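This report refers to the structure that appears directly beneath it.
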Amino acid sequence: MKIKTLLAGVAAGAMIIGLSACSSGAGGGDSTSAAKGDGGLVGVAMPTKSSERWIQDGDAVKKQLEDAGYKVDLQYAEDDIPTQVSQIENMITKGAEALIVASIDGTTLTSVLQDAKDAKIPVIAYDRLIRDTENVDYYASFDNFKVGQQQAWSLLNGLGLTELDGTAKSGAPAGPFNIELFAGSPDDNNATFFFNGAMDVLQPYIDKKILVVGSGQTDFQQVATLRWDGEVAQSRMEDILTSTYSDGTKKVNGVLSPYDGLSRGIISALTDAGYTVGASWPIISGQDSELDSVKAINAGEQYATIFKDTRQLAKVAVDMATALLQGNTPETNNTKDYDNGKKVVPSFLLDSQIVVKDNIKEVLVDSGYWTEAEITG
Ligand code: BGC
């Protein structure tokens with residue numbers, strides 16, 4: 001307790017120094033913020049290096065904080081909850097002045113974030129909402145319901161039913177198309193937002209029997225994939241192919257996948273079951289624009305992914321942290337949708353884009369996210 005009291009004093013002192021160093025203006029991330037940073041430590045907790053996107057997030061947050069004059073303790077927890085809790089505990093002990101946290105399980109940080117609160121350390125939930133605690137100050141993410149809608153629109157587009165923005169195509173085929181549904185990790189708040197967004201789009205087509213979920217598995221709990229694990233998705237897809245499609249009377253025409261890593265597992269299951277890329281290869285969605293999946297889109301294995309620019313997300317989170325450290329109020333654009341069970345967390349939500357083969361260059365290359373050589377190499 002003594003250490004915490006001392007730390008609270010240090011943190012409060014640091015905030016006061018930060019405050020007096022700050023003249024006016026909101027947030028960092030611009031050229032003036034470098035001068036404002038007080039050289040203090042910001043703790044950045046990321047879930048895992050097993051997915052490319054979190055490496056890009058971590059790198060971008062670290063760079064932008066360092067450019068703004070802060071020191072950074074960046075940690076990855078390899079999807080192990082106790083590891084993430086102890087990493088955050090260490091950041092508090094080391095005197096972090098702010099925490100940026102992309103949680104593994106959004107419900108498991110209540111106790112460690114009470115320690116952060118006791119030490120007066122502001123907490124920003126990064127991309128994934130932290131649940132069941134008062135002690136999360138701001139949330140930086142994307143419009144996650146919309147991401148789910150975009151995943152469903154990309155699936156419908158691949159099947160010839162709608163434009164990429166969901167507008168119905170005239171003369172669209174009547175179907176029925178056989179689809180299967182996958183959702184993300186049930187302990188990640190985003191997974192429900194993605195799934196609800198997608199089902200908001202797909203349900204009317206299911207009701208009209210234009211789409212048929214062959215396995216009949218449509219509940220979130222049935223289709224969720226713990227820890228977003230591609231192997232879990234692969235084996236569920238294998239089971240579905242065996243139970244529902246192995247008598248040769250019908251084929252899978254489309255798969256709603258909420259993340260590129262799951263899409264790759266699903267593609268492996270399909271390939272192993274004898275599906276080949278070509279006319280009767282299913283339409284498969286994704287998310288994150290991971291390099292291997294962008295290549296898979298180019299090769300016709302995956303139909304679409306979602307581009308969420310991790311550099312922009314990092315900027316939002318870093319701006320929030322620097323604003324708080326300088327005694328300013330972070331900019332938000334949503335104060336109603338992200339109730340974490342204890343409070344509605346003020347949020348800044350970014351827009352995402354659908355990527356298909358035709359717009360890879362425009363969306364991913366022209367924005368400098370991937371180079372042409374990386375995609376084709
Ligand atoms: C993120 C997605 C990501 C998924 C798996 C979610 O919380 O919002 O972008 O695909 O986690 O890492």
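Descriptive notes on the structure:
- Each label was represented as a point 7 Å from its Cα along the Cα-to-Cβ direction; for Lys251 and Leu350 these points are 3.8 nm apart.
- Here the label points at Thr276 and Ile55, each 7 Å from Cα along the C-beta direction, are separated by 3.3 nm in the simple model.
- When the chain is treated as a GNM with alpha-carbon contacts under 10 Å, the residue of Gln87, Gln203, Gln326 showing the greatest mean-square fluctuation is Gln203.
- Restricting the calculation to Cα atoms, every distinct pair contributes to the Kirkwood radius of segment 197-255, found to be 12.8 Å.
- For the listed residue pairs Lys315/Lys361; Lys169/Lys315; Lys49/Lys315; Lys315/Lys336, the alpha carbons are over 27 angstrom apart in Lys169/Lys315.
- When only Cα pairs below 8 angstrom with a gap of at least 6 residues are kept, the chain shows a relative contact order of 19 percent.
- For segment 297-303, putting each phi into the Karplus relation 6.51 cos²θ - 1.76 cosθ + 1.60 with θ = phi - 60° gives couplings of 5, 4, 7, x, 7, 10, 7 Hz, in residue order, rounded to whole numbers and with x for Gly and Pro.
- Considering only Ser141, Ser235, Ser170, the Gaussian network model of the chain with Cα springs below 10 Å gives its largest mean-square fluctuation to Ser170.
- For segment 359-377 versus segment 149-179, the spacing of their alpha-carbon centroids is 25 Å.
- Cα gyration tensor shape of segment 216-372, rounded if a/c is under 1.5, else prolate or oblate by comparing a/b with b/c: oblate
- Listing Lys357, Lys308 from fewest to most neighbouring C-beta atoms within 10 Å gives Lys357, Lys308.
- The fewest-to-most ranking of Ile121, Ile81 by surrounding Cβ atoms within 10 Å reads Ile81, Ile121.
- Taking each DSSP H run with n ≥ 4 as -39500 (n - 2.57) and averaging over every residue of the chain yields -13000 deg cm²/dmol at 222 nm.
- With neighbours defined as other Cβ atoms within 10 Å of a residue's Cβ, the residues Met237, Met199 order from fewest to most as Met199, Met237.
- When the chain is treated as a Gaussian network with alpha carbon springs shorter than 10 Å, the biggest mean-square fluctuation among Asp288, Asp309, Asp59 belongs to Asp59.
- Tensor-based shape of segment 144-307 (alpha-carbon gyration tensor, a/c under 1.5 rounded, otherwise prolate or oblate): rounded
- For the chain, fraction of C-alpha pairs farther apart than 34 Å, in %: 31 percent
- Modelled label positions at Glu66 and Gln221, each set 7 Å beyond Cα in the direction of Cβ, lie 4.6 nm from each other.
Where a number appears in this text, it was derived from the coordinates with a stated rule and is not lab data. Remember, predicted model here, so these are calculated numbers, not experimental data. Virtual Cβ from ideal backbone geometry, glycine too; neighbours counted across all protein chains shown.
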